[in-house]
Amino acid sequence: MSDNHGTDDTGRTFNMMEDGSDTLSREEVAQLAARQEKFIQNLQAALVRIQNKTYGICRVSGKLIPKERLRLVPHATMSIDAKNAQNKL
């Protein structure tokens, strides 16, 4: 008589779940890396705007972006009002 309590196949199931977890982790890491790369590109673009003396100017309204916004989002290219109007579209 077998004394395995019906757990003969749990090893395979666990391995499949582990493989799925590895795939998810790789996808999450890839997403995080892509976000970091985009953030770096945005910061590099902000450095170019500093050199061009266009940093801190809203590209929609042409007005100055408040310092508080630039402290929170140093690569911002739009004021909050312009960004909110864009998101409503």
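Work out the FRET efficiency for Lys38 and Ile80 from their Cβ-Cβ distance, taking R0 = 22 Å, and round it to the nearest 0.05. Please list the in-between numbers first.
Numbers: r = 21 Å, r/R0 = 0.94.
My answer for the efficiency is 0.60.
Once you have the Cα-Cα distance between Arg71 and Ser25, take 0.36 nm times their residue separation minus that, and quote the gain in nm to one decimal.
Numbers: separation 46, 0.36 × 46 = 16.56 nm, distance 3.20 nm.
Extra length from Arg71 to Ser25 when fully extended: 13.4 nm.
Read the figures in this text as sums done on the coordinates, not as results from a lab. Note that the structure is predicted; figures quoted are calculated from it, not measured. Quick reminder, even Gly has a Cβ in these numbers, built from the backbone with ideal geometry, and neighbours come from all protein chains shown.
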